[in-house]
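Notes to accompany the following structure.
The values are calculated or read from the model by the stated rules, or taken from the named source; none is laboratory data. Owing to the predicted nature of the structure, the values given are computational and were not obtained by experimental measurement. Glycine also receives a Cβ, built like all others from the backbone with ideal geometry; neighbour counts cover every protein chain displayed. To get the accessible areas, we keep the full protein, side chains included, count just its heavy atoms, and leave off ligands, DNA and RNA. Shrake-Rupley method; radii C 1.70, N 1.55, O 1.52, S 1.80 Å.
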Amino acid sequence: MQSIIDIFQKTKDVLCKYDYYIYTSKRVLHLTNSELKIPHLMGLQYIGRPNQFTGDFGVYSIKKKRITHNSIEKLVGKYYKTEERQRVILEMIYRKLNNLHLLEEMFHSYSKLYLYEKAEGTEFDCDYLMIHESGKAILHLGLVRDADNKGFYHCNSFMTTYQTDREKDLFFCHLAHKYEINKIVREDKMTKRSTTIYLSSEAEYRERTGIEKMLLTEGLDSDDKLIKEIIRANLKFGKYHLLSEINDLSAMLEKCEDKREQALVKSVNKLLKAAYKRKADKDVAEES
């Protein structure tokens, strides 16, 4: 079993090292978090006095290893009197603790991702709910608008239900709209480097079509390998590249952080040059 501090640190690595831009057909959500949000996602608001171990004090207690699996059980036993209530609370906490490691998989999902928007006038404590299915588990990540800066969102809840739960659909009763997530771009807070980490099949189709049109406008053939390599470069660097950018090899190489990225950039540039050569040869042949 992972220690509480390990769960905290791995969750922090996923949620706090990066900002996330979540694209739907209606809007783009800018998700940013600090470590102060994590104790609540771990379910520590349910131990001790109300919200005693959330925020600053929750982070402090985790880092000082005052919160352990044993202390959680002792505090639940102290503050909840009946065995049934203790069982329910511990199950709720451990559904969070045992599944927080799936957050990274959630943002990189190979299956469809959905974002649900809450209905106006409801008391649901999130503005949006991000849903991901991982086997029999269904992850619910709640997003709430920042009170001071309306352009930012934070994670304010995390819960796991299972396909076998009879009450699993209750989470959706206050959610008025459902949007498929088209794309998720992750930005490193320190380096500001962006990477596309999720692209829906529909979004990938639109991107491929856009690249084909871009090549056609330039009079180049729609070489499948070239298109795939351009898509890879777009995903790797988190942006849609124009032909003028791809042609500028030195500028593209400056973006690279390792040899793999350099090899990708050189591959795209080489394939593009080959496409231009085929066009030139074709033009010469037509003229003669």
Test: residue in the range 105-112 that is open to solvent by 30 Å² or more (accessible area, probe 1.4 Å) and under 18 Å from residue 15 (Cα atoms): yes
Subset of the range 13-53 [farther than 19 Å from residue 160 by Cβ, open to solvent by less than 60 Å² (accessible area, probe 1.4 Å) and in contact with a helix residue (DSSP H, G or I) (Cβ under 6 Å, 6 or more places away or on another chain)]: 16, 35, 48, 53
Any hit, the range 219-239, residues being open to solvent by 30 Å² or more (accessible area, probe 1.4 Å) and within 19 Å of residue 26 (Cβ to Cβ): no
Residue within the range 8-25 that is free of Cβ contacts under 8 Å to residues at least 60 places away in the same chain, in a helix (DSSP H, G or I) and either more than 26 Å from the chain's Cα centre (by Cα) or under 23 Å from residue 117 (Cα atoms) (or both) present: no
Selected residue [surrounded by fewer than 15 Cβ atoms within 10 Å (Cβ to Cβ) and over 12 Å from residue 220 (Cα atoms)] from 250, 267: 250
Pairs, first in contact (Cβ under 8 Å) with a residue 24 or more places away in the chain in the range 214-242, second open to solvent by 80 Å² or more (accessible area, probe 1.4 Å), C-beta under 7 Å, six or more apart: 221/278; 234/240
Looking only at the range 183-227, and only at residues there that are of a type in the set (S, T, N, Q) and under 17 Å from residue 275 (Cβ atoms), the one that is farthest from the chain's Cα centre (by Cα): 217
Residue among 143, 199, 139 that is touching a Cys at 6+ places or on another chain (Cβ under 8 Å), open to solvent by less than 60 Å² (accessible area, probe 1.4 Å) and either hydrophobic (A, V, I, L, M, F, W, C) or at pLDDT below 90 (or both): 143
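Yes/no matrix, rows are residues, columns are (1) outside any helix (DSSP H, G or I); (2) free of Cβ contacts under 8 Å to residues at least 24 places away in the same chain; (3) open to solvent by 50 Å² or more (accessible area, probe 1.4 Å):
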| residue | (1), (2), (3) |
| --- | --- |
| 56 | no, yes, yes |
| 84 | no, yes, yes |
| 87 | no, yes, yes |
| 95 | no, no, no |
| 103 | no, no, no |
| 117 | yes, no, no |
Where residue 64 falls short, out of the listed (1) surrounded by fewer than 14 Cβ atoms within 10 Å (Cβ to Cβ); (2) over 18 Å from residue 162 (Cα atoms); (3) modelled with pLDDT under 95: (3)
Counted residues, the range 173-193 - those being exposed (fewer than 14 other Cβ atoms within 10 Å of the Cβ) and at pLDDT below 70: 1
Condition broken by residue 259, with the remaining ones in (1) over 25 Å from the mean Cα position of the chain (by Cα); (2) open to solvent by less than 70 Å² (accessible area, probe 1.4 Å); (3) under 26 Å from residue 19 (Cα atoms); (4) modelled with pLDDT of 90 or more satisfied: (2)
Scan of the range 59-82 for residues that are in a helix (DSSP H, G or I), of a type in the set (Val, Ile, Thr) and within 14 Å of residue 94 (Cα to Cα), ordered by number: 72, 76
